[in-house]
1. Where in region 81-113 does the label zone of residue 176 land, with the point 7 angstrom along Cα→C-beta and an amide N cut-off under 17 Å?
2. Given H placed on each backbone N at 1.01 Å, which residues far from residue 45 in sequence or on other chains put an amide H within less than 5 Å of it?
3. Rounded to the nearest 0.05, what FRET efficiency is calculated for residue 84 and residue 199 with R0 set to 22 Å and r the Cβ-Cβ distance?
4. Could you give the distance between the Cα centres of region 129-208 and region 100-118, to the whole Å?
5. Out of 167, 98, 110, whose Cα points farthest toward the positive end of the dipole of the chain (charges: +1 Lys, Arg; -1 Asp, Glu; placed on Cβ)?
6. Check which residues have an amide H placed less than 5 Å from residue 204's amide H, if you skip close sequence neighbours.
7. How many nm separate the modelled label positions at residue 67 and residue 156, each set 7 Å beyond the Cα in the direction of the Cβ?
8. How much of the DSSP beta bridge set in the chain is antiparallel, as a percent to the nearest 5?
Amino acid sequence: NSSPLIENRGQLIVFEGLDKSGKSTQSQKLKEALLKDGQFVDLWSFPDRNTKLGDVIDSYLNKRLELDDRSIHLLFSANRWEKVSKLIKLLESGTTVITDRYAFSGVAYSAAKGLPLEWCKQPDVGLPKPDCVIFLQLSPEAGAKRNGFGEERYEKTQFQNKVLEQFMQIKDESWKIINADQNMEDLHQEIYKHIKSLKKEELKRLWE
Ligand code: T5A
Ligand code: NA
């Protein structure tokens, strides 16, 4: 019973996971594989550090700027909303959009600081709902051993454990949790197979 409008739209695929779980590596590999299949694909990441808001967020993450927890939370959300009209246009025109992080990171990192979970979700209510969230599961201890860990604000093992707990509170039926502690190619194959098995549905809104 799916209409041509649904058949022809692009999918919204989100990668989530703790710091250094391999999101950037795998989102790039998935993009290349889908392009090879002849699909139109765009790869995005959040935060988008290339906008004015993203510049402020980058300063915060690199510890050059201090902000109230609620203030930075709202900026991360605003940084998604500033791109929504473009996102919807792409999906409707048939381009699949893969994003490296999305609203789930927004909620999990802020709730891990102690902000109420329900409060954290509110600013992102109504965003396009992903067709699929690929959650790359890697223990905080394994993540800490990877290159570059520890440079940015949230990269401390104890905090990462709290973030993981919050992610597990907000997961839903659209999530696919995948063991990220395997070699890059095997991991890619597992993700690719899952994405190819997805059915096309109407685009929904998040947390409505
Ligand atoms: N944040 C984000 C919020 O608080 N609120 C929000 O709303 C949003 C959107 C920045 C931070 O902002 C927070 C969360 C973050 O703390 P970011 O820009 O996505 O978010 O930065 P990171 O998540 O820190 O990205 P990373 O660089 O840490 O990690 P990735 O993308 O998960 O991992 P990747 O692919 O770069 O790989 C990391 C390293 O591991 C190796 C890679 O070669 C690389 O060296 N690697 C593997 N090694 C072994 N086996 C594998 N399978 C591997 N895959 C990759
Ligand atoms: Na990344």
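Please treat every number below as a calculation from the coordinates, not as lab data. Note that the structure is predicted; figures quoted are calculated from it, not measured. No Cβ is skipped: glycine too gets one built from the backbone with ideal geometry, and neighbour counts run over all protein chains shown.
1. Residues 96-101 fall inside that zone.
2. 100
3. Numbers: r = 24 Å, r/R0 = 1.09.
With a Förster radius of 22 Å, E is 0.35.
4. Centre-to-centre distance over Cα atoms comes out at 14 Å.
5. Sorting the options by dipole projection puts first 98.
6. For residue 204, whose amide H was placed from the backbone, the distant partners under 5 Å are 129.
7. 2.0 nm
8. Here the share of antiparallel DSSP bridges comes out near 5 percent.
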